Amino acid sequence: MAKRNIIEKAIDWSRRKSPWIIHFNAGACNGCDIEVVDALTPRYDVERFGMLLKGTPRHADVLVCTGAVTLQTRDRLKRIYEQMPEPKFVLAVGTCACSGGIFEDCYCVSGGMDTVVPVSAYIPGCAARPEAILDAVVKLLTSLEKSQKAIDN
Amino acid sequence: MSKRVVIPIGPQHPALKEPGSFIITLEGEKVVGAQVEVGYNHRGIEKACESRTYIQNLYIIERVCGICSHAHSTAYLQAIEELAGVAIPRRAAYIRSIMGELERLHSHLLWLGVAGHEIGFDTLFMYAWRDRELVLDVLAMLGGNRVNYGINTPGGVRRDIDPEHIQKIRDMVDIVEERNKYYINLALGETTLHARLGGVGRLSHEEVIKFGAVGPVARAAGVAFDVRQAEPYAAYDEAQVKVITDDHADVFGRTVVRVLEIMESIRLLRFLLDNLPEGEIITKMPRRIPAGETVSRYEAPRGEDVHYVCANGTDILERIRVRAPTEANWHGMSHMLENDYLADVSIIIAAIDPCYSCTDRSIVIDNRDSGQQTIFDWKQLRQYSIDWYRNRGVDPAKLANRLPRL
Amino acid sequence: MTDNVQGSLLAKFPYLESKIKEQRQGRIFLDPLQKEQFWPVFDYIIDELGYKDFHMLVGRDSGETMHVIYLLTDGGANMLCPKLEVEKENPVIRSIYSRFSNCTWHELELVDLLGFVVEGLPEGLPNYPLPDGWPKGSHPLRKDWKVEYFNKETLTYNPPSDI
């Protein structure tokens with residue numbers, strides 16, 4: 001990350017405070033998908049952090065992906081990642097997204113997400129709990145803030 | 001002037017499904033033709049099961065679907081226990097049934113929330129999912145995990161239920177019952193919901209049978225079939241299930257069936273808890289299952305789940321094939337969409353309760369006249385539906401004041 | 001109830017002698033039959049015995065042969081499963097689409113995963129469930145197909161030459 005001007009800093013700040021998320025199921029059993037959506041509901045309420053679930057990659061900052069990546073969804077995952085503007089972050093939610101999980105040696109499974117796209121944070125669990133998902137997002141944002149401060153100073 | 005609307009549906013089904021598409025032909029705003037196109041999220045589970053032991057397979061089968069994992073796990077074990085000639089202890093049968101009904105509660109509440117969201121009634125979504133959290137807390141208390149509870153093991157269950165757990169289940173069920181009364185009032189009493197959902201996504205009694213639809217979709221058309229009643233498994237020989245049906249044969253009917261099934265599950269849970277027998281929770285199972293084949297059926301929240309298992313006398317199975325309920329319901333989909341409006345498409349699809357995650361997809365609209373292609377995402381389709389109905393005076397979001405402040 | 005089924009079948013099709021296996025109440029499996037013997041039994045089960053509901057089918061690799069098991073019920077608890085057998089060298093079967101329009105994906109799986117040839121499916125159906133680019137002639141549910149010989153990057157199947 002390079003030193004930024006004031007406008008870029010403002011955009012970056014608002015992005016850090018309100019990341020827009022795209023959720024993609026790369027081949028999951030839906031367990032983790034439900035926990036991602038659960039994060040929106042009153043008990044966990046991710047929207048209080050300004051996080052919004054977006055439908056298209058072009059407006060998203062964070063790709064939240066579940067499932068062991070299958071051979072069919074592999075290319076689509078790559079395309080979604082490529083369509084996201086920089087800076088972008090990728091969360092692998094659930095054991096399957098981290099490594100392929102118990103499906104890793106199945107013939108139609110490519111493996112974890114990092115066989116296809118670079119991953120910023122791995123959230124294990126089967127399914128990953130909403131608290132773990134929130135925790136990862138907050139950690140990601142914090143580390144982003146820290147590294148940007150380091151560059152600015 | 002007709003537009004071809006292609007609606008890709010996201011990976012949401014068990015046993016293998018991935019972004020599938022619908023090709024929808026519109027005349028004006030009405031759907032005049034719909035065809036399900038299939039592209040699937042196939043993982044290769046059946047093959048994987050052929051190189052793992054029976055107990056290893058349990059963990060894969062449980063993860064065929066994260067919403068009804070107990071259904072798949074129980075169906076699988078029922079098949080191998082039958083082939084092994086093993087009868088599980090009665091207490092284990094009761095515990096499996098208790099988990100099964102808890103799963104039905106969480107699944108139906110999940111659906112209620114998703115359906116609410118699809119029609120713009122987000123208050124219902126929030127309330128239903130908040131109630132659902134109470135069920136998940138109980139599931140986690142009993143099994144150790146909110147999702148994929150892992151209570152089952154060959155020969156019975158891994159964990160027992162103690163009196164403290166029982167009290168917590170009762171307390172939760174009391175609360176959910178109170179809340180569900182409001183959902184039933186909404187479903188049965190609110191003209192707005194009836195206006196929004198009535199007559200939408202019709203699938204008649206004859207069509208249900210022809211297309212092989214299962215679960216609440218079938219029961220909403222008066223087809224009174226429920227595996228728990230037709231061939232009772234686990235504790236359902238004693239905890240007799242009242243099969244809930246409706247005659248509307250549309251999305252409204254599917255809503256009615258599900259909210260009433262929540263009540264029936266609550267009644268069954270109370271029965272199961274009141275009559276929980278003492279005793280062991282597990283029986284010894286052989287590692288090698290004698291050669292043979294059978295089919296196990298289970299009433300998952302979405303409908304009949306079918307597992308075929310063939311054993312060959314070793315500790316590795318010969319063949320397994322799973323047909324999860326949503327697979328059965330897709331076949332009637334084209335039919336359900338015909339003669340309804342584009343504005344109804346999203347709720348019709350949601351109303352068969354496909355395993356979630358169908359809402360991240362994009363829609364390509366082919367306008368035959370102009371030759372133009374536009375990309376529509378699911379959220380836009382949903383918003384289109386909400387606006388379309390609002391412009392005609394049907395606004396489910398206004399029902400928010402019918403729900404109590406909780 | 002089940003006795004009636006066995007009795008009726010044997011009366012009509014004496015060649016089913018010793019080929020009817022009752023796993024338990026409500027679960028009857030027939031041994032695999034070649035097509036000339038299979039189709040009359042299949043039709044009889046549906047039209048005369050009332051097993052009108054199709055739930056799923058299962059493709060099996062049984063070595064020299066392959067077979068398909070059809071799971072039919074009477075709308076209730078009773079399931080009757082006839083089986084159609086073919087030579088692996090010529091695994092051609094007739095679709096049941098004219099009877100059960102909800103058989104499509106099941107039969108497409110037979111094609112992709114086991115290498116059956118299914119005649120009579122509607123035109124224009126895509127392959128299912130394997131991804132585009134899957135090597136032709138490579139059927140993962142066959143017993144001799146091993147995931148270790150499959151390259152997921154290049155989508156090629158390379159068994160060792162001594163097999």
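The values are calculated or read from the model by the stated rules, or taken from the named source; none is laboratory data. This one's a predicted model, so the numbers in the text were calculated from it and none came from an experiment. No Cβ is skipped: glycine too gets one built from the backbone with ideal geometry, and neighbour counts run over all protein chains shown.
Of C:Gly50, C:Gly75, C:Gly63, all but one fail to be modelled with pLDDT under 95, farther than 25 Å from C:Arg142 by Cβ and out of contact with any Leu (no Cβ under 9 Å at 6 or more places or on another chain); the exception is C:Gly75.
Here's the yes/no breakdown for (1) within 13 Å of chain B (Cβ to nearest Cβ); (2) aliphatic (A, V, I, L, M); (3) surrounded by 13 or more Cβ atoms within 10 Å (Cβ to Cβ):
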| residue | (1), (2), (3) |
| --- | --- |
| C:Cys103 | yes, no, yes |
| C:Leu113 | yes, yes, yes |
| C:Leu121 | yes, yes, yes |
| C:Lys136 | no, no, no |
| C:His139 | yes, no, yes |
| C:Lys146 | yes, no, yes |
| C:Lys152 | yes, no, yes |
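Of the residues screened, B:Ser357 is one that is under 30 Å from B:Arg52 (Cα atoms), at pLDDT below 85, surrounded by 15 or more Cβ atoms within 10 Å (Cβ to Cβ) and polar (S, T, N, Q). Restricting attention to region A:113-129 and to residues that are within 13 Å of A:Leu77 (Cα to Cα) and within 13 Å of another protein chain (Cβ to nearest Cβ), the residue that is surrounded by the most Cβ atoms within 10 Å (Cβ to Cβ) turns out to be A:Val116. Answer with yes or no whether B:Glu103 is among the acidic types (Asp, Glu), within 29 Å of B:Leu403 (Cβ to Cβ) and at pLDDT 95 or above. In short, yes.
More than 14 Å from every other protein chain (Cβ to nearest Cβ), within 23 Å of A:Pro130 (Cβ to Cβ) and either at pLDDT below 95 or buried (at least 16 other Cβ atoms within 10 Å of the Cβ) (or both): does that describe B:Val157?
No; evaluated as a whole, the condition is false for this residue.
Evaluate the following for C:Leu71: is it in contact with a strand residue (DSSP E or B) (Cβ under 9 Å, 6 or more places away or on another chain) and either of a type in the set (Lys, Arg) or under 14 Å from C:Phe42 (Cβ atoms) (or both)? Against the criterion (in contact with a strand residue (DSSP E or B) (Cβ under 9 Å, 6 or more places away or on another chain) and either of a type in the set (Lys, Arg) or under 14 Å from C:Phe42 (Cβ atoms) (or both)), C:Leu71 qualifies.
Within region C:60-116, the residues that satisfy the criterion of being part of a loop (DSSP other than H, G, I, E, B) and in contact with a Pro (Cβ under 7 Å, 6 or more places away or on another chain) are C:Tyr97, C:Gly115, C:Phe116.
Touching a Lys or Arg at 6+ places or on another chain (Cβ under 8 Å), surrounded by fewer than 19 Cβ atoms within 10 Å (Cβ to Cβ) and among the basic types (Lys, Arg): is that true of C:Lys52 in this structure?
Values: touching a Lys or Arg at 6+ places or on another chain (Cβ under 8 Å): no; surrounded by fewer than 19 Cβ atoms within 10 Å (Cβ to Cβ): yes; among the basic types (Lys, Arg): yes.
Spelling it out, it is not the case that C:Lys52 is touching a Lys or Arg at 6+ places or on another chain (Cβ under 8 Å), surrounded by fewer than 19 Cβ atoms within 10 Å (Cβ to Cβ) and among the basic types (Lys, Arg).
Tell me whether region B:162-183 contains one or more residues that are closer than 30 Å to C:Tyr97 by Cβ and either crowded, with 23+ Cβ neighbours inside 10 Å or within 21 Å of the chain's Cα centre (by Cα) (or both). Looking through region B:162-183, none of the residues is closer than 30 Å to C:Tyr97 by Cβ and either crowded, with 23+ Cβ neighbours inside 10 Å or within 21 Å of the chain's Cα centre (by Cα) (or both). Every test in (1) within 22 Å of B:Gln240 (Cα to Cα); (2) without any contact (Cβ under 8 Å) to a residue 40 or more places away in the chain is passed by B:Ile88 save one, and that test is (2).
If I filter region C:28-44 for residues that are charged (D, E, K, R), within 13 Å of chain B (Cβ to nearest Cβ), buried (at least 21 other Cβ atoms within 10 Å of the Cβ) and touching a residue at least 40 places away in the same chain (Cβ under 8 Å), do I get at least one hit? Within region C:28-44, none of the residues are charged (D, E, K, R), within 13 Å of chain B (Cβ to nearest Cβ), buried (at least 21 other Cβ atoms within 10 Å of the Cβ) and touching a residue at least 40 places away in the same chain (Cβ under 8 Å).
With a requirement of 1 or more residues that are touching a Pro at 6+ places or on another chain (Cβ under 6 Å), the strands (runs of 3 or more DSSP E) lying completely within region B:283-325 that satisfy it span B:292-300, B:303-311.
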